[in-house]
Amino acid sequence: MGIAASELCRYVIRPTLIYLGRHSATAESLLLGIAASQSALGSALHDRRGHGLYRIAEPRHRALWDHYLALDPERASLVRGLASQHAFLSSPHLELTVNLRYATAIAWLLVEEQNTPLPDPDDVLGMARIWRQTFQPQGRLRDFTCAWQTCVSSLNQVAC
């Protein structure tokens, strides 16, 4: 059993997006859908494909820091501010599993790095395309839409 979608949105996703200055209804919906399709909202936080709610692989995490955040020191500092002070230095990838806000910021920045226009917040198929492009290039759009139906669709997006 994972995290309740409404609580994940209210206590993790929304505050993280606000902190990053990137909040929108679509961003919330997209991150919920990604967490649903990657880990069933936290039912499994680690496997061979990656770490945490969003199952981010270590090479992707490292590449984001080296090739995207390194170009924007202000944003890098903002994201680093979400990480644990000492644990991040000794085990940065573990932060993706144990630190929900940090993992959410990294997941959002992976999306942002793609520079793809965001769909409407109720366009599940449009969000599925972004998920596939960013997280699962070999994934099927129906995997995202099924995860959405199972984990997120009952959530009233406006009220989350």
Residues (in contact (Cβ under 8 Å) with a residue 12 or more places away in the chain, under 20 Å from LEU71 (Cα atoms) and more than 13 Å from the chain's Cα centre (by Cα)) located in the range 100-121: GLN114, THR116
Unmet requirement for ASP72, which otherwise passes all of (1) exposed (fewer than 13 other Cβ atoms within 10 Å of the Cβ); (2) in contact with a Phe, Trp or Tyr (Cβ under 7 Å, 6 or more places away or on another chain): (2)
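Report yes if ARG55 is surrounded by fewer than 19 Cβ atoms within 10 Å (Cβ to Cβ) and either more than 19 Å from ARG22 (Cα to Cα) or touching a residue at least 40 places away in the same chain (Cβ under 8 Å) (or both), otherwise no.
Details: surrounded by fewer than 19 Cβ atoms within 10 Å (Cβ to Cβ): no; either more than 19 Å from ARG22 (Cα to Cα) or touching a residue at least 40 places away in the same chain (Cβ under 8 Å) (or both): yes.
So ARG55 fails the test.
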Residue within the range 139-148 that is farther than 21 Å from ARG14 by Cα, more than 13 Å from the chain's Cα centre (by Cα), touching a residue at least 12 places away in the same chain (Cβ under 8 Å) and not in a helix (DSSP H, G or I) present: yes
Residue that is closer than 23 Å to GLY139 by Cα, among the hydrophobic types (A, V, I, L, M, F, W, C) and part of a helix (DSSP H, G or I), where the choices are ALA44, ALA35: ALA35
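Considering only residues of the range 53-69 that are outside any helix (DSSP H, G or I) and farther than 11 Å from PHE135 by Cβ, which is modelled with the highest pLDDT? Step through it out loud before you land on a result.
Within the range 53-69, the first condition is being outside any helix (DSSP H, G or I), and the residues that meet it are 53-57, 68.
Those left that are additionally farther than 11 Å from PHE135 by Cβ: 53, 68.
Numbers: LEU53: 94, TYR68: 97.
The residue in question is TYR68.
Across the range 75-112, which residue is surrounded by the most Cβ atoms within 10 Å (Cβ to Cβ) among those that are among the hydroxyl-bearing types (Ser, Thr, Tyr) and farther than 12 Å from ILE56 by Cα?
Ranking the candidates gives SER84 first.
The values are calculated or read from the model by the stated rules, or taken from the named source; none is laboratory data. In this text the structure is predicted, and so the values were computed from the model without any measurement. As a convention, Cβ positions derive from the backbone with ideal geometry for all residues, glycine included, and neighbour counts pool all protein chains shown.
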